[in-house]
């Protein structure tokens, strides 16, 4: 094959037989491209690599015969065997790998360290069902091996395959090679009872501190557990390890609630000044008591002079969450100099949320850069109606900039102003609704127009046409008209039959009915999803209703009282952790709502 046929955009080189042929090309670039595609293909979720069992013998042959890429091919075989723990469909691949394994075992004594390591992992990936006969080879490898990394991996492979009490691992806890000692501690911790023994944790911490490295999560099959992941199952053990130098501070607060004050000293100690670290520190600081803010301020202030705008912006966010007064002035300067980047919006938002009226200069800076900054930046004006009123004309002009992201945010600001937005905003919003430049912008404009003018006519006409055409996605926006949306009920009520919580929210907003809307909302609340500001959340709606079904009370109480996170922050925000926002919402509901059968 021509090498240019292989190096295409991701997803085009799906011809596995062709890639296998390419591995035997005389062109090294073609071989390199082919092996990269093959290795990535083993983890693809689509169907083109389903015939793995038939591919295995060819991969084994290539590993035996080719002069190069042997470690890559052995790693790939290990990946294919490893995958069987997740899907029964991959079991034939593991069996096929196990059948080829005997022909590959001599590579355990190869001169190439990577090849020896790949064979050790490959043996473990085949599992006890197939690999037990090869345990003596692993013991022999352990006795002869001189490379610390490979030796440590042999310990892990043996621990996964042997069925005894594993007493030999305790003898290795004080091994001179940190990788070996850590592998022994890692497996002993995996099988230890919770809470984890302090002495065993300390052995692992000392070994890790002597040779820090990224955990090898993707390498080993179950029941292996990475040292750091196992520590996180016991918060006291994780804190003990963090104090010993294992960088787990942020991981602890990602896993456990109300541990921010405990990890703060170690979070500050391990930070290197990356923008993501400062962002995470900002979020952590949201949950600290005021008396713990000063160490954050002292640590973050030097980053205000960073050359990287992202670092500088994240530092402002962290200082804002720590209530450092200079955050306001720094945010103004950032908006003036760099209104475009998203990080500027995050910093300005943090300052506005924490300082309120004292951050009015930030809002005025945003107003001065209204059409020069990111459209996200406009959202700051939602918190400062007095400033938004000063730039009504500019905001209405932004409504015409379709395809830029400005119109929906400008509409949101005008919506917050309500009737105070005046005739100019009313005319501009009416144009958005009637001209239908973009359906979603027209929808939010219709709601804002109703709030400003008090006339539901244009909004009803728009939503009736959208719903008649089958665009049920406008249901939530339509329901924000409240009782005025009653003429739209024939389009919305049928959606209740499918248990739609959006339809339930809409029907309740319009009619106040609870007999057929309460249950779907409660079942939606039990999913414990993130509260996005742009979508109706069942918890918020139930709280507004003042009702909660009895079947939902205990599960919701468990979610509120859980010591571990029930919601992860995949967005890596700088505000209060979404799990705490959810917990607060659940607590408010349970404290205020009446329980009904």
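Listed values, structure above:
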{"quantity": "Residue under evaluation residue 182, criteria (1) surrounded by fewer than 22 Cβ atoms within 10 Å (Cβ to Cβ); (2) at pLDDT 95 or above; (3) within 22 Å of residue 199 (Cα to Cα), criterion not met", "calculated": "(1)"}
{"quantity": "Sole residue being more than 33 Å from the chain's Cα centre (by Cα) and at pLDDT below 95, chosen from 88, 129, 145, 100", "calculated": "129"}
{"quantity": "Positions within segment 138-171 being part of a loop (DSSP other than H, G, I, E, B) and out of contact with any helix residue (DSSP H, G or I) (no Cβ under 8 Å at 6 or more places or on another chain), in sequence order", "calculated": "146, 164, 165"}
{"quantity": "Count of segment 28-54 residues which are in contact with a helix residue (DSSP H, G or I) (Cβ under 6 Å, 6 or more places away or on another chain), at pLDDT 75 or above and surrounded by 13 or more Cβ atoms within 10 Å (Cβ to Cβ)", "calculated": "7"}
{"quantity": "Test: residue in segment 111-127 that is closer than 26 Å to residue 16 by Cα and either outside any helix (DSSP H, G or I) or touching a strand residue (DSSP E or B) at 6+ places or on another chain (Cβ under 8 Å) (or both)", "calculated": "yes"}
{"quantity": "Filtered residues of segment 236-261 (kept if in a helix (DSSP H, G or I), touching a residue at least 24 places away in the same chain (Cβ under 8 Å) and either out of contact with any strand residue (DSSP E or B) (no Cβ under 8 Å at 6 or more places or on another chain) or surrounded by 21 or more Cβ atoms within 10 Å (Cβ to Cβ) (or both))", "calculated": "236, 237, 239, 240, 241, 242, 250, 253, 254, 260, 261"}
{"quantity": "Wholly enclosed helices (runs of 4 or more DSSP H) of segment 340-458 bearing at least 2 residues under 30 Å from residue 330 (Cβ atoms), in contact with a helix residue (DSSP H, G or I) (Cβ under 8 Å, 6 or more places away or on another chain) and at pLDDT 95 or above", "calculated": "342-355, 360-368, 385-390, 392-398, 406-417"}
{"quantity": "Complete set of residues in segment 187-199 that are farther than 13 Å from residue 233 by Cβ, free of Cβ contacts under 8 Å to residues at least 24 places away in the same chain and either crowded, with 18+ Cβ neighbours inside 10 Å or in contact with a helix residue (DSSP H, G or I) (Cβ under 7 Å, 6 or more places away or on another chain) (or both)", "calculated": "188"}
{"quantity": "Meets criteria (touching a helix residue (DSSP H, G or I) at 6+ places or on another chain (Cβ under 6 Å) and either under 30 Å from residue 210 (Cβ atoms) or at pLDDT 95 or above (or both)) for residue 135", "calculated": "yes"}
{"quantity": "Test: residue in segment 172-189 that is under 27 Å from residue 83 (Cβ atoms), in a loop (DSSP other than H, G, I, E, B) and under 30 Å from the mean Cα position of the chain (by Cα)", "calculated": "no"}
{"quantity": "Complete set of residues in segment 569-591 that are assigned to a loop (DSSP other than H, G, I, E, B) and under 18 Å from residue 281 (Cβ atoms)", "calculated": "569, 571, 572, 573, 574, 575, 576, 577"}
{"quantity": "Any chance residue 77 is under 20 Å from residue 138 (Cα atoms), assigned to a helix (DSSP H, G or I) and modelled with pLDDT of 95 or more", "calculated": "no"}
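Let's see how each residue does on (1) under 23 Å from residue 477 (Cα atoms); (2) modelled with pLDDT of 95 or more:
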residue	(1), (2)
534	yes, no
537	yes, no
544	yes, yes
549	no, yes
553	no, yes
584	no, yes
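The values are calculated or read from the model by the stated rules, or taken from the named source; none is laboratory data. The shown structure was predicted, so the numbers you read here are calculated from the model rather than taken from an experiment. Reconstructed Cβ throughout: ideal geometry from the backbone, glycine too, with neighbour counts over all protein chains shown.
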